[in-house]
1. Which one is surrounded by the fewest Cβ atoms within 10 Å (Cβ to Cβ) among residues in the stretch 39-67 that are within 11 Å of N6 (Cβ to Cβ) and among the polar types (S, T, N, Q)?
2. Scan the stretch 18-36 for residues that are touching a helix residue (DSSP H, G or I) at 6+ places or on another chain (Cβ under 9 Å) and part of a helix (DSSP H, G or I) and jot them down.
3. Can you find, within the stretch 1-17, the residue that is farthest from M38 (Cα to Cα) among those that are polar (S, T, N, Q) and part of a helix (DSSP H, G or I)?
4. Here's a check for you: in the stretch 31-58, which residue that is among the hydrophobic types (A, V, I, L, M, F, W, C) and more than 14 Å from the chain's Cα centre (by Cα) is modelled with the lowest pLDDT?
5. Could you check how many residues of the stretch 18-30 are more than 18 Å from the chain's Cα centre (by Cα) and either free of Cβ contacts under 8 Å to residues at least 12 places away in the same chain or within 24 Å of K5 (Cβ to Cβ) (or both)?
Amino acid sequence: MKIEKNMGAKDKQMRLTAAAVLIVVGLLVNLGALESIMFLAAVVLIVTSLLNYCPAYTFMGKNTCGEGGSCCPANKCDKGDKAEEAKDA
């Protein structure tokens, strides 16, 4: 199963920051059962950031990679698509 990256650098940074905040608050403040939910949310944010893939974005048709495919190294994602388009023309 190939996962198509749909998360850009800014989105990734925001998710990692939010995960760090959730973990710190969870460790410093006694919130009971809410702590477990916060840690679970932090894990989800970290995993999706590391994979550069958000399943919810797939269902919504959203892609935050931006113009030029910022989530693809050296814009290699765009080169393959353009080459295929040129062949079809």
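1. The selected residue is T58.
2. Once the filter is applied, which keeps residues that are touching a helix residue (DSSP H, G or I) at 6+ places or on another chain (Cβ under 9 Å) and part of a helix (DSSP H, G or I), the stretch 18-36 yields A18, A19, A20, V21, L22, I23, V25, G26, L27, L34, E35, S36.
3. If we take residues in the stretch 1-17 being polar (S, T, N, Q) and part of a helix (DSSP H, G or I), then Q13 is farthest from M38 (Cα to Cα).
4. Step one: of the stretch 31-58, the residues among the hydrophobic types (A, V, I, L, M, F, W, C) are 31, 33-34, 37-47, 50-51, 54, 56.
Still in the list and also more than 14 Å from the chain's Cα centre (by Cα): 31, 33-34, 37-40.
Numbers: L31: 85, A33: 88, L34: 91, I37: 93, M38: 94, F39: 95, L40: 96.
Result: L31.
5. Qualifying residue count for the region: 5.
The values are calculated or read from the model by the stated rules, or taken from the named source; none is laboratory data. Computed from a prediction, not measured in an experiment: that's the story for all the values here. Cβ sites come from the backbone with ideal geometry, for glycine too, and all protein chains shown count toward neighbours.
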